[in-house]
């Protein structure tokens, strides 16, 4: 048994791009210790007692927001829910002023989701509280990618050498970007799969392979992560019809028959059943989609714990 | 650095600890053992094996990580950071007679944290504390029920227990405390 002398020093979690492999692994190892809390009769630990966490969500979310809320509550923090709809942002207040006002009330950790990429980084430079990115524009969604790699590690032991396909709307997906950073740093080989119109412009700069045909690569994948088509973020017509998209890139029962028997099927949610994934596959034996959601709690508890520790010790 | 117990002395001390516990236990008590990470865990496993041999039936044995319950999480400690590890208690603690096991009893703060963590898992019938070394200087009203040895150690020194399972050697040493 090796002594862990690693020190976590970041009081913000903005993205996975800047994290080292060691930092990623430290978060995953820490999260393991939080899994058990959710299995007890009293699902609470006093770790963040007296701390205040604000959930600032400028975009809709059910999974991520509730997961952060519950993670903070399970660590005994007080949680303030902030949504754009019911706030003074509608009266013209800027993001930083809103955050500074919340900070003046003694907020320790700000969890932020924003439609503008870079908003969490801006906030981290402007306030003293810890900042955790819960998804910013097309940029990153670090806790989602962390729970994805955590789930893969839980099922397979390690990501080293695994072939992972990320399918769909890559260009609009912050999940894909964070996934690419985390998975490649942990030793997996990532292939992005989708129509050319949904690939990011600078895909060649990423340490990934690209395929425009799911059928070419499905047989060799160990893990497949199906992304939702983000109709709300799309301009123009990236593909002729939803039906055609499903035909070429949907994960169907028929395609699953050509995949490895133990392929892990993942989806960050929300799912469009019948579009990118057939119901039988989403609910089938290879699906770890609900396990991802459960693991999200442990990951978010670990992240809240670590940023707070870095802030206290820093 | 001086050696408080060598490998042979550890074996006899654990034996002696086991005798005290065994003499005290009623056969009908629904015993379970919980060790504190990480040296308490090793001691708990060793005591568990002996108790199972004596009573001739399996005794649930679990491990508690107290990091999330520490009372110094919000106190700056000069950059030293606690590592969260897993709590592995795969049995129901309700109505059990719990033997809590740790390597060294000093301030009593770890035991306080362990009792809080245990309470969040359920309501044991009773909780007893067994330690290999009681070095005194408790800062909380906590005393051990079963003690291997009592050691008179200066507050400027720290007692380190090493076990073969974790460190490759069985020994208890006293060394100057790391300055914060």
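Against the list (1) exposed (fewer than 15 other Cβ atoms within 10 Å of the Cβ); (2) touching a helix residue (DSSP H, G or I) at 6+ places or on another chain (Cβ under 9 Å); (3) away from every other protein chain (no Cβ under 11 Å), the condition residue B:101 fails is (1).
Here the condition is being surrounded by 15 or more Cβ atoms within 10 Å (Cβ to Cβ) and either modelled with pLDDT under 90 or more than 8 Å from every other protein chain (Cβ to nearest Cβ) (or both); of B:76, B:60, it holds for B:60 alone.
If only residues of the range B:115-149 that are farther than 21 Å from residue B:29 by Cα and within 13 Å of another protein chain (Cβ to nearest Cβ) are counted, the one that is surrounded by the most Cβ atoms within 10 Å (Cβ to Cβ) is B:117. Does the range A:153-175 hold any residues that are in a helix (DSSP H, G or I) and either under 18 Å from residue A:263 (Cα atoms) or in contact (Cβ under 8 Å) with a residue 60 or more places away in the chain (or both), and which are they? Of everything in the range A:153-175, those that are in a helix (DSSP H, G or I) and either under 18 Å from residue A:263 (Cα atoms) or in contact (Cβ under 8 Å) with a residue 60 or more places away in the chain (or both) turn out to be A:153, A:154, A:155, A:156, A:175. Residue-level check: of (1) touching a strand residue (DSSP E or B) at 6+ places or on another chain (Cβ under 9 Å); (2) buried (at least 20 other Cβ atoms within 10 Å of the Cβ); (3) within 14 Å of chain B (Cβ to nearest Cβ), residue A:227 misses just (3). Check whether at least one residue in the range A:187-203 is in contact (Cβ under 8 Å) with a residue 60 or more places away in the chain and surrounded by 24 or more Cβ atoms within 10 Å (Cβ to Cβ), and report yes or no. No - not one qualifying residue is present in the range A:187-203. Within the range A:130-140, the set of residues being free of Cβ contacts under 8 Å to residues at least 60 places away in the same chain and either more than 12 Å from the chain's Cα centre (by Cα) or in a loop (DSSP other than H, G, I, E, B) (or both) comprises A:137 only. Taking the range A:88-119 as the range and being at positive phi and under 25 Å from the mean Cα position of the chain (by Cα) as the test, only A:118 passes.
The values are calculated or read from the model by the stated rules, or taken from the named source; none is laboratory data. Keep in mind the model is a prediction, meaning the values are calculated, not measured. Neighbour counts are summed over all protein chains in view; Cβ atoms, including those assigned to glycine, are modelled from backbone coordinates with ideal geometry.
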